[in-house]
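Data first, discussion second: the structure below is written as structure tokens.
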2 protein chains.
Amino acid sequence: MAETKTRKRRGGGRAGAAARRGSAAIDQMPWDPPVNIDRPTEPLDQAGIEAIHEGAMRILEEIGIEFYNEEAIGILREAGCTIDGDNVRMGRDFVMEMIAKAPSRFSITPRNPDRKIEIGGKNILFGNVSSPPNYWDMEIGKKVPGNREMCRNLLKLTQYFNCIHFAGGYPVEPVDIHASVRHLDVLYDKLTLTDKAMHAYSLGKERVEDVMEMVRIAGGLSHEEFEAAPRMYTNINSTSPLKHDHPMIDGCLRLARRGQAIVVTPFTLAGAMAPVTMAGAVAQSLAEALCAIALFQYVRPGIPCVIGTFTSNVDMKSGAPAFGTPEYMRSTQMTGQMARFYGLPMRSSGVCAANVPDGQSVWETSNSLWAAVQSGTNMVYHAAGWLEGGLIASPEKFIMDCEILQQIQRYMNPELTATGPDEIALDAIRAVGNDGHFFGIQHTQDRYTTAFYQPFLSDWKNYEGWEVAGGIWTAERAHHMFKEIISSFEAPPIDESIREELAAFVERRKAEGGAPTDF
Amino acid sequence: MAETKTRKRRGGGRAGAAARRGSAAIDQMPWDPPVNIDRPTEPLDQAGIEAIHEGAMRILEEIGIEFYNEEAIGILREAGCTIDGDNVRMGRDFVMEMIAKAPSRFSITPRNPDRKIEIGGKNILFGNVSSPPNYWDMEIGKKVPGNREMCRNLLKLTQYFNCIHFAGGYPVEPVDIHASVRHLDVLYDKLTLTDKAMHAYSLGKERVEDVMEMVRIAGGLSHEEFEAAPRMYTNINSTSPLKHDHPMIDGCLRLARRGQAIVVTPFTLAGAMAPVTMAGAVAQSLAEALCAIALFQYVRPGIPCVIGTFTSNVDMKSGAPAFGTPEYMRSTQMTGQMARFYGLPMRSSGVCAANVPDGQSVWETSNSLWAAVQSGTNMVYHAAGWLEGGLIASPEKFIMDCEILQQIQRYMNPELTATGPDEIALDAIRAVGNDGHFFGIQHTQDRYTTAFYQPFLSDWKNYEGWEVAGGIWTAERAHHMFKEIISSFEAPPIDESIREELAAFVERRKAEGGAPTDF
């Protein structure tokens, strides 16, 4: 492994590392999106796969999905589906023919082409927390509504960490910006503070069109260049059970027609908007996603589509959503098997129900991230920073999650399990014999800087050393790191004329009133 | 699933549940050791398996292992091994012939036969933290030497939690008891406070013989009955690199001759007492374990033996051991493949380097516990309560880990991924249609009490509810739970005459001076 693949601190602590690396506050792994080399965990046998497929198809054929979108209804009628008011029933032949047109893998190229991501196959990519209305950090010490500064800080973390491969939705809703122009300010922030793959909310034509235009401008692209290959994506939820709302379908159709990528993620909580049995909740989720993907493929054959899952369970005592549970893990794994059955890339998430970045938040998030690995997920949404079932974004949690994500990246390095003669190291074992140690030998010297994962947040000092250093628990260490990263953050380069063009676009669209807020 | 399989709180909180269930402070899952239904994660291909096997065999054939035990040297000379002082080299034919005599699965029956455990196959069992010299809890707030009361309290947790299936070594060293009689007092505590499978330290013949005798007495067994099937086990470490110390081998030989089970767990830290490359560290660990198992099989063919792994890496900056790392996960998975290759049950651990029960402790422990699952581990040592690389035992960490262990147990329930018509639930989906919800329907009503995992420590309230309840982070919630469990603990029943016989044995052996302390 090259020296650059896993950079190491060489003493001097974080301050020393920062000095060596300019603006870098911590010494992290380089940009290197991982390839998932594990065989997926597959709880379903062939009969199980067929049973869930049969369930999904019968939902589409016999029960139907409501599309609250006249354009979609018209298209699906033309395509031969059975329309009854808003209700659309579609045969499995049509569904399977349409989804077969979707690519099993594709790429998204953001304004910095070095940040291009490949979606599908064995690739696994991580994105930041998206869309919490609230924010929590250790300095504030309580849950508060998000604002633009918080949003900008979380975008800086999104850019800063190389284990975050794409930008999701707003990492926190900046509710201090009026909803009519919020997308303009946040996209300006996103496009200037980060250079990673961009997301647009499907919340009305103005927002979608504005975001596409801003991504085009930021990339220095002509309209033709923008439409030639995916430069961004949207992510929509269905309104379970069995409904698609107008703005989500509208936004997707707009992106599809301009060649941009679409993620369809039903939010089927078992016991609430889906059956209490996980296989039923998965079948319903698949039906809701597949019918939308079929529509988009009919409109624009070959448009990149990702099938998402957000199947979890509720707490049957309170109705509150539960996340990172055993049921969540198994439904994610089952959906992974079905995504491969349908030949579609897959999205899942990093999630928890915990309210603060404590132990619970870590076991719930770890469970969900390992489920992403086990399921063969390609895009992991909300992979860093999520609390309270997605109602809170937290910078401490963001940084803690990045430590876990880096470990998953490292875990996927095939060199860890290499078994050539140099790795079996019989000569080294012979040289040390029964009475030495391996610290000083050449075999160790040749490899020690890159042999092992080097954490940036885990503290491996013994108790006494940890105590002398302040006896600081994980979340507080993450808080200090957050302050350090923000204070030394340097935005990625952007051509000044492009930045001015973006600013002018934002100013013009604000002057025009932005987007309607009657959604 | 029967009502008893996953008990639910039915409101009233923990106090209410405790009132309903007598001494039970919390509502946990019942005793039900899980079966690991996942296909193992196998990073090695056939060539990789053969390369590691070849490495292990060449270590045994060409380099040899030192046995600081004259009896073992004599036995291995008789068996035809090549002896040079303490160094023993053994041919692969001998090794493979001997380990083929070891059973691939066996059982241990403690004094309460309902707590019988099956080791091997797809069984996965969890044991308490073992052997830390120090203790930490939130009330004390610092690392302190262990004492008998702390040890007794951790034994109470060992007994209390149904997800702890066997008792390991002392959950903390009670250094307030003189080393000559410590084993007598602690075994008395263990055998009266718990009824789970017992462990003996291999630390001199008196201790081993005393523990076997106490386990025999506690079980109300004749000597013949005790020796007829495993009633207990020992666990030894080699002294890496490539050495076995006298008392460990001596203890194992004593247990082997009386039909008790043996776990051999080399402690090979890559970069320190093993090669810096994980495959080399695994090969060395296997060699160290296999030669001892070969000895025990030669002495007593068919004696139950478990091959353990403790292969992790050191922090190359400080030399401190690191745990729950990506390298640890992969070496555990590789060892799992090799254990199946050799047809031996396997042991791994729940481990972390963190000093307090914070976020880091959870991601490191989660990583190691999921590695145990992925590797097909049969016995998970230190599964609850371990901190600071095994130097600290903590009751809060114990309880937090039990929440994770319960989730793994639940995850292994095949009903989560059942795909029969009742689970696909097409009729329920049809009944709810596009505009209802699933809370109230019969399909949900019939299943809601057992449909989902119910945590005892995770707090699924929303932020506001959590805040009203005190805004308590995970570790502190675990601390309150610890106090509650200890204050309401009821020891498992034991026949009074047996208890008196145990007490008399302890008194007599103390009068005789206990065990020598010159080890």
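The values are calculated or read from the model by the stated rules, or taken from the named source; none is laboratory data. Predicted model only: the values in this text are computed from it and were never measured. When we count neighbours, we look across all protein chains shown, and the Cβ atoms used for this are built from the backbone with ideal geometry, even at glycine. Areas reflect the complete protein model, heavy atoms only, side chains present, ligands, DNA and RNA absent. Shrake-Rupley method; radii C 1.70, N 1.55, O 1.52, S 1.80 Å.
Values computed for the structure shown
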quantity: Selection from region B:49-72 of residues that are of a type in the set (Asp, Glu) and more than 10 Å from every other protein chain (Cβ to nearest Cβ); calculated: B:Glu61, B:Glu70, B:Glu71
quantity: Among residues of region B:241-268, those that are facing chain A (nearest Cβ under 9 Å) and surrounded by 24 or more Cβ atoms within 10 Å (Cβ to Cβ), counted; calculated: 2
quantity: Helices (runs of 4 or more DSSP H) lying entirely in region A:54-161 (those with 1 or more residues that are in contact with a strand residue (DSSP E or B) (Cβ under 6 Å, 6 or more places away or on another chain), farther than 30 Å from A:Val181 by Cα and touching a residue at least 24 places away in the same chain (Cβ under 8 Å)); calculated: A:70-78
quantity: Some residue of region B:419-432 being small (Gly, Ala, Ser), within 7 Å of chain A (Cβ to nearest Cβ) and either open to solvent by less than 30 Å² (accessible area, probe 1.4 Å) or touching a His at 6+ places or on another chain (Cβ under 6 Å) (or both); calculated: yes
quantity: Residues located in region A:231-240, provided they are open to solvent by 30 Å² or more (accessible area, probe 1.4 Å) and within 14 Å of chain B (Cβ to nearest Cβ); calculated: A:Thr239
quantity: Matching entry among A:Tyr381, A:Tyr411 (being in contact with a strand residue (DSSP E or B) (Cβ under 8 Å, 6 or more places away or on another chain), of a type in the set (Ser, Thr, Tyr) and within 29 Å of A:Ala167 (Cα to Cα)); calculated: A:Tyr381
quantity: Single condition B:Ala228 does not satisfy, out of (1) surrounded by 23 or more Cβ atoms within 10 Å (Cβ to Cβ); (2) free of Cβ contacts under 8 Å to residues at least 60 places away in the same chain; (3) of a type in the set (A, V, I, L, M); calculated: (1)
quantity: Top-ranked residue in region A:32-48 [being under 26 Å from the mean Cα position of the chain (by Cα) and open to solvent by 20 Å² or more (accessible area, probe 1.4 Å); ranked as nearest to the other protein chains (Cβ to nearest Cβ)]; calculated: A:Pro43
quantity: One residue from A:Met346, A:Met329 being among the hydrophobic types (A, V, I, L, M, F, W, C) and touching a Gly at 6+ places or on another chain (Cβ under 8 Å); calculated: A:Met346
quantity: Flag if B:Asp176 is outside any loop (DSSP other than H, G, I, E, B) and over 18 Å from the mean Cα position of the chain (by Cα); calculated: no
quantity: Pairs where the first residue, in region B:491-503, is under 13 Å from B:Glu213 (Cα atoms) and the second is part of a loop (DSSP other than H, G, I, E, B), C-beta under 6 Å, 6+ apart; calculated: B:Ile498/B:Gly220
quantity: Criterion violated by A:Val468 - all others in (1) of a type in the set (Val, Ile, Thr); (2) under 16 Å from B:Ala270 (Cβ atoms); (3) without any contact (Cβ under 8 Å) to a residue 12 or more places away in the chain satisfied; calculated: (2)
quantity: Matching residues in region B:437-448 - criterion: being surrounded by fewer than 17 Cβ atoms within 10 Å (Cβ to Cβ) and either facing chain A (nearest Cβ under 7 Å) or under 15 Å from A:Ala322 (Cβ atoms) (or both); calculated: B:His437, B:Phe439
quantity: Condition broken by A:Ala287, with the remaining ones in (1) in contact with a strand residue (DSSP E or B) (Cβ under 8 Å, 6 or more places away or on another chain); (2) more than 9 Å from chain B (Cβ to nearest Cβ); (3) closer than 24 Å to A:Phe94 by Cβ satisfied; calculated: (2)
quantity: Any hit, region B:400-418, residues being farther than 30 Å from A:Ala274 by Cβ, touching a helix residue (DSSP H, G or I) at 6+ places or on another chain (Cβ under 7 Å) and either of a type in the set (Ser, Thr, Tyr) or open to solvent by less than 10 Å² (accessible area, probe 1.4 Å) (or both); calculated: yes
quantity: Residue check for B:Thr517: of a type in the set (Ser, Thr, Tyr), within 8 Å of chain A (Cβ to nearest Cβ) and in a loop (DSSP other than H, G, I, E, B); calculated: no
quantity: All positions within region B:477-519 that are among the acidic types (Asp, Glu) and open to solvent by 80 Å² or more (accessible area, probe 1.4 Å); calculated: B:Glu490, B:Asp495, B:Glu496, B:Glu500, B:Glu501, B:Glu507, B:Glu512, B:Asp518
quantity: Filter result for B:Met29 (in a loop (DSSP other than H, G, I, E, B), more than 8 Å from chain A (Cβ to nearest Cβ) and modelled with pLDDT under 95); calculated: no
quantity: Residue list for region B:149-180, restricted to those being touching a Pro at 6+ places or on another chain (Cβ under 7 Å), closer than 15 Å to B:Asp401 by Cβ and not aliphatic (A, V, I, L, M); calculated: B:Thr158, B:Asn162, B:His165
quantity: Qualifying residue in region A:462-484 (condition: more than 10 Å from chain B (Cβ to nearest Cβ) and of a type in the set (D, E, K, R)); calculated: yes
quantity: Set A:Lys196, A:Lys205: member being crowded, with 21+ Cβ neighbours inside 10 Å and basic (Lys, Arg); calculated: A:Lys196
